[in-house]
Amino acid sequence: MNDSNTSPPRADLESSALCSETQPDVSEAWALIREEAARVRAREERLTLLIDDVFLTRDSLASSVAARLSRKLAREDLGADEISSLLQEIFQAHPALIASMTSDLIAINDRDPACLSLMHPLLHYKGFMAISTYRVSHQLWTNGRRDLAFYFQSLSSEIFGVDIHPAARLGCGIFLDHATSLVIGETSIVEDHVSILHEVTLGGTGKSSGERHPIVRSGVMIGAGSKILGRVEIGQGAKIGAGSVVLDDVAPHKTVAGVPAIVVGTSPSENPASAMDQSLYCSGI
């Protein structure tokens with residue numbers, strides 16, 4: 001969907017920096033989360049045990065995420081205590097994971113009007129749980145522990161309805177809104193500050209190997225039910241209309257919609273992912 005028949009150059013695609021911006025203040029975010037947790041505990045007695053276990057008895061956001069994820073992911077073959085211990089070991093060795101998760105929490109709180117606080121997604125949003133599980137599986141994949149990476153991928157698919165291959169590369173500040181039935185293939189690249197709604201597929205072309213999944217640049221918003229197939233590039237600040245099937249490149253800041261998707265306008269926002277405006281502007285193509 002470029003403005004010409006010539007595709008734009010794709011320099012440094014594999015070396016494109018993810019999570020390259022200034023990282024959030026994890027300690028400040030954790031302090032805000034604990035303050036909200038204390039307020040929730042005071043007004044809802046039935047949640048006392050949960051709030052204490054996940055927040056008020058924990059000394060860090062890493063410990064809190066490990067506690068919540070282990071509750072969600074526990075199975076007979078790998079219990080909550082084992083998962084929590086593994087997660088804390090990974091977070092201690094790779095603190096950038098918690099910084100990335102903090103960016104995700106901030107993105108959700110900023111972009112979702114239904115979100116009540118930074119604590120809310122950590123306690124209730126399966127989209128945050130799913131992308132956090134992906135971040136763990138991706139780290140395991142990077143460390144060569146691929147069997148365990150696949151195990152966490154399968155848990156995320158089973159529990160959250162979200163299937164992200166551990167080799168996929170996702171940046172920071174990602175908002176998976178609702179998240180149900182999201183699929184992101186092995187060679188996908190999703191840069192920072194992207195918003196993706198439910199039932200989206202970043203799929204392949206059917207080739208047995210190689211770079212066969214999409215590249216999504218920063219600031220993109222992908223509407224519910226969209227399918228982006230093949231090694232196409234979605235340019236910075238582009239917007240994909242709900243239910244679209246995208247088979248070609250999309251130029252930066254263009255809005256596309258339809259089956260197959262065509263350009264229907266230019267996004268009025270520099271950053272559709274943050275604006276979360278799903279209207280289709282059909283002028284100024």
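Only the coordinates and a few stated rules stand behind these numbers; no lab work does. From a predicted model like this one, the values you see are computed outputs, not experimental measurements. Here the Cβ is made from the backbone with ideal geometry for all residues, glycine too, and neighbour counts use every protein chain on show.
Counting every other Cβ atom within 10 Å of each residue's Cβ, 72, 227 order from fewest to most as 72, 227. The calculated FRET efficiency for residue 81 paired with residue 209, based on their beta-carbon distance and R0 = 41 Å, is about 0.60.
Set the Förster distance to 25 Å, then compute FRET efficiency between residue 124 and residue 59 from the Cβ-Cβ distance, nearest 0.05. So the FRET efficiency works out to roughly 0.65. Here Rg/Rh (Cα atoms, Kirkwood Rh) was calculated from the structure, and among (i) 1.09; (ii) 1.15; (iii) 0.98 it sits at label (iii). Net length available on complete extension from residue 44 to residue 116 is 24.4 nm, with 0.36 nm assigned per residue and the Cα-Cα distance removed. Note on residue 254: aspartates and glutamates with a C-alpha under 16 Å away, same-chain residues under 8 apart excluded, are 3, 233, 270, 277.
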